[in-house]
Amino acid sequence: SLQHHYSINMMMLENGTTPRLFNWKEMMESYLFHLEDVIRKAYLFDLRKIQNRIHILEGYLKALANIEEVIQVIKTAADVENANRGLQRKFGFTAAQAKAILDLKLQRLANMEKIKIENELADISKKAEEITAILNSEELFKKEIEKEILRVKKEYGDARRTCLLYTSPSP
């Protein structure tokens, strides 16, 4: 027998909630929809993380520009909470920026560190722009989905294990 038929039960959860029997096309469309959702959420997560880091780096640069006053506010504060509130009040830092400044080691106040902070800010700002462009452009987003599918193919795909031979039928 050169032909075999295999039964496949493609019972899956539709929208992650209700079980349903899918045909081949519906299963592939469902997978692509799921992959699109996963990739979009991953990019949104990365973008939020980058935006939070940009926010902190901007606070660092503002603090380095006013370093003498920042140190004075910290030195005159009775405790960490008062220092935090003082930084927020005097310089307009957010709570996250003030906490990051208070957690900053003194070695990061050197001029070379300022350059590193500016370089990191430029790099992650560029990355944020790229992610925003991908999320706003349907064409770029589809290319990212294609890259992900090719990555999965490369990582998990393997060569065909059977050999197809064509012989002409004998008369």
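The values are calculated or read from the model by the stated rules, or taken from the named source; none is laboratory data. Computed from a prediction, not measured in an experiment: that's the story for all the values here. All Cβ positions, even for glycine, are placed from backbone atoms using ideal geometry, and neighbour counts span all protein chains on display. Just the protein is used for accessible areas: all its heavy atoms, side chains included, with ligands, DNA and RNA removed. Shrake-Rupley method; radii C 1.70, N 1.55, O 1.52, S 1.80 Å.
Structure notes:
- Those residues of the stretch 4-18 whose amide nitrogen sits under 13 Å from the label point placed on residue 37, 7 Å along Cα→Cβ: 13-18
- The stretch 71-171 - percent relative contact order, Cα under 8 Å, separation 6 or more: 10
- Sequence-separation-based contact order of the chain, relative, with Cα cut under 8 Å and 6+ spacing, percent: 21
- For the chain, the fraction of alpha-carbon pairs lying more than 22 Å apart is 67 percent, rounded to a whole number.
- Ranking 11, 27 by solvent-accessible area of protein heavy atoms (1.4 Å probe, all protein chains present), from largest to smallest, gives 11, 27.
- Accessible-area composition of the stretch 89-171, carbon plus sulfur, in percent [1.4 Å probe]: 55
- Packing-based order for 50-63, 115-128, 150-163, using average beta carbon neighbours within 10 Å, highest first: 50-63, 115-128, 150-163
- For the stretch 113-171, the solvent-accessible area works out to 88 Å² per residue, with a probe of 1.4 Å and every protein chain left in place.
- Charged side chains reduced to their Cβ positions (Lys and Arg at +1, Asp and Glu at -1) give the chain a dipole of some 320 debye around its Cα centre.
- Among 35, 47, 76 - extreme Cα towards positive end, dipole of the stretch 17-79, charges at beta-carbon: 35
- Virtual paramagnetic centre 7 Å along Cα→Cβ of residue 9, amide N under 20 Å, in the stretch 22-38: 22-28
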